[in-house]
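The values are calculated or read from the model by the stated rules, or taken from the named source; none is laboratory data. If you're wondering where the values come from, they're calculated on a predicted model, not measured in any experiment. Here the Cβ positions follow ideal geometry from the backbone for every residue, glycine too, while neighbour counts run over all protein chains shown. These accessible areas exclude ligands, DNA and RNA; they are computed on the full protein's heavy atoms, side chains included. Shrake-Rupley method; radii C 1.70, N 1.55, O 1.52, S 1.80 Å.
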Amino acid sequence: MRQRFLLSAGSTVIMSLLLAATEQHAAAMPNVAGAATLASSSYSTPHHTSYRASSGTSGVPAGITATVAHPSMTPDVSPQGLFWDALDAVPQDAWTQLRKSFTWNIDDLPPQARARVDKWINHYRQSPENITNITREAKPWLAWITRQVEERGLPGEIALLPFIESSFDTSARNLSGAAGLWQFMPRTGDALGLVRNGRYDGRLDVTASTSAALDYIEMQADQWYGGNIALSLAAYNAGAGTVNRARRQARRQGRGGDYWALTTLPSETMQYLPKLYAIAQIIDDPERYNVSLPDIHATPAFTEVTLDRRITLKSASRLLDVSQSQLAQLNPGLLQGTLDPGNASTLLVPSDADRQAVAALSGNGIVRPGEQMASTHRVKRGDNLSTIATRYNVSQQDLIRWNAIDRPSTLQPGQLLSLSGG
């Protein structure tokens, strides 16, 4: 279902490229002026995030400085908000799904670490409306990202990482060059295989960038930190070289090498995990912190359609009978409104789009009135749950439930899957 970076010669080359990109960026990192705290802007995001050293911005709480999200964005109006308001009527369940995947326990932290987390809980709870606004931005993406995190066996808290990276704004752009939900720097995105040109930017493509981000977090944990996710997340923010130097210094001083023992990381990185812990605590018990979360259905709001031909969003809009703006909001990586398989082959469409229209778009043919839909699918080499679900316009979660699949990544050629609950 997904490609994982293995500890091989290939992944070593990728790590070398990523480290080189980090060092080059750290040397050229400009200071960011005019930053605003989260408390003053619903869409403030860190001025630098993935794999970068701190820019040294002063005058605001570390790690809360804002990026330029979009030239036309105002603090209280999201360009995605109008369309996704329609999802308000859908019963909530994504938050329950996310909470079940949480694995971090704040009570297990040493006292000093707990105090760092409590500082950010107190900061966020001063402006609960900002948490609400940001979680509204997560509506199209949260259920899908949570599933990707769960399928990898990663802590569910990682699904909230875009909260502190980009405020879940797909168009977020940092003054230093980072972009997208996961705030990839250009060189980092290049090293991870995210295509970037005048027509397409994989850093803005939510499915592509999410896969790359989770791959990188796993790869760093395995490559440098013996599977330690906390240290890998610190390296996601500051770069592995910066984290490794801080670990060596901590060990020389007899403090050990875990994240909470490091004292010489950049200020933003020192706050990175405490902020994520704090946000997870608030999401886990929103009533306690006077936060109102939007209703989000557990089923992803979009379907992934794999295409082998060029198509404009205008043409796809007519075929699917959905608005072009909906498609544009789901596919922010298509900079000129056209999907070209040379750059990307997956188009996201609203999950409630007409089934026959989706079949026609994907080249699987139109089901004519009275014609019976297929009730089973024989797994072929190269199939995965995502492509099968897209082909038949069903959800991956339903396929898992209907077929009692324990490990989605272990589909075998010849395996017969039921396409309904009957």
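Quick one: in region 100-118, which of the residues that are open to solvent by less than 80 Å² (accessible area, probe 1.4 Å) and part of a helix (DSSP H, G or I) is nearest to R147 (Cα to Cα)? Within region 100-118, the match that is nearest to R147 (Cα to Cα) is I106.
For the criterion of being touching a helix residue (DSSP H, G or I) at 6+ places or on another chain (Cβ under 7 Å), of a type in the set (D, E, K, R) and surrounded by fewer than 24 Cβ atoms within 10 Å (Cβ to Cβ), R199 fails. Of note, L194 satisfies the criterion of being open to solvent by less than 20 Å² (accessible area, probe 1.4 Å), free of Cβ contacts under 8 Å to residues at least 24 places away in the same chain, assigned to a loop (DSSP other than H, G, I, E, B) and touching a Gly at 6+ places or on another chain (Cβ under 9 Å). If you go through region 216-230 and keep only what is open to solvent by less than 10 Å² (accessible area, probe 1.4 Å) and either in a loop (DSSP other than H, G, I, E, B) or of a type outside the set (S, T, Y) (or both), you end up with I217, M219, Q220, A221. Please work out if T376 is within 16 Å of T303 (Cβ to Cβ), in contact with a strand residue (DSSP E or B) (Cβ under 9 Å, 6 or more places away or on another chain), at pLDDT below 80 and not acidic (D, E). No.
Residue-level check: of (1) buried (at least 23 other Cβ atoms within 10 Å of the Cβ); (2) not in a loop (DSSP other than H, G, I, E, B); (3) not small (G, A, S), R245 misses just (1).
For region 258-309, which residues satisfy the criterion of being assigned to a helix (DSSP H, G or I), charged (D, E, K, R) and surrounded by fewer than 23 Cβ atoms within 10 Å (Cβ to Cβ)? Hits for region 258-309 are D284, E287, R288. Among the residues of region 150-180, the ones that are under 19 Å from I229 (Cβ atoms), without any contact (Cβ under 8 Å) to a residue 60 or more places away in the chain and crowded, with 24+ Cβ neighbours inside 10 Å come to 1 in all. Cβ separations smaller than 8 Å between residues 6+ apart or across chains give the following pairs from region 230-254 residues that are basic (K, R) to residues that are open to solvent by 10 Å² or more (accessible area, probe 1.4 Å) and at pLDDT 95 or above: R245/T264. Per the conditions (1) open to solvent by 40 Å² or more (accessible area, probe 1.4 Å); (2) basic (K, R); (3) within 12 Å of the chain's Cα centre (by Cα), the sole criterion not satisfied by R147 is (1).
Of all residues in region 400-422, those that are in contact (Cβ under 8 Å) with a residue 40 or more places away in the chain have Cβ atoms under 6 Å from Cβ atoms of residues that are in a helix (DSSP H, G or I) and open to solvent by less than 80 Å² (accessible area, probe 1.4 Å), 6 or more apart or on another chain, in P408/L385; S418/W402; L419/Y392.
Yes/no matrix, rows are residues, columns are (1) over 14 Å from the mean Cα position of the chain (by Cα); (2) under 20 Å from Q336 (Cβ atoms); (3) assigned to a loop (DSSP other than H, G, I, E, B):
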| position | (1), (2), (3) |
| --- | --- |
| F168 | no, no, yes |
| G177 | yes, no, yes |
| G198 | yes, yes, yes |
| A213 | no, no, no |
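Checking region 391-402 against the condition returns a match, with at least one residue being open to solvent by 60 Å² or more (accessible area, probe 1.4 Å), more than 30 Å from G198 (Cβ to Cβ) and at pLDDT below 80.
Among the residues of region 314-336, just one is open to solvent by less than 20 Å² (accessible area, probe 1.4 Å), under 23 Å from the mean Cα position of the chain (by Cα) and free of Cβ contacts under 8 Å to residues at least 60 places away in the same chain, namely L327. A single member of I121, I134 is part of a helix (DSSP H, G or I), open to solvent by less than 40 Å² (accessible area, probe 1.4 Å), under 22 Å from A230 (Cβ atoms) and not small (G, A, S), and it is I121.
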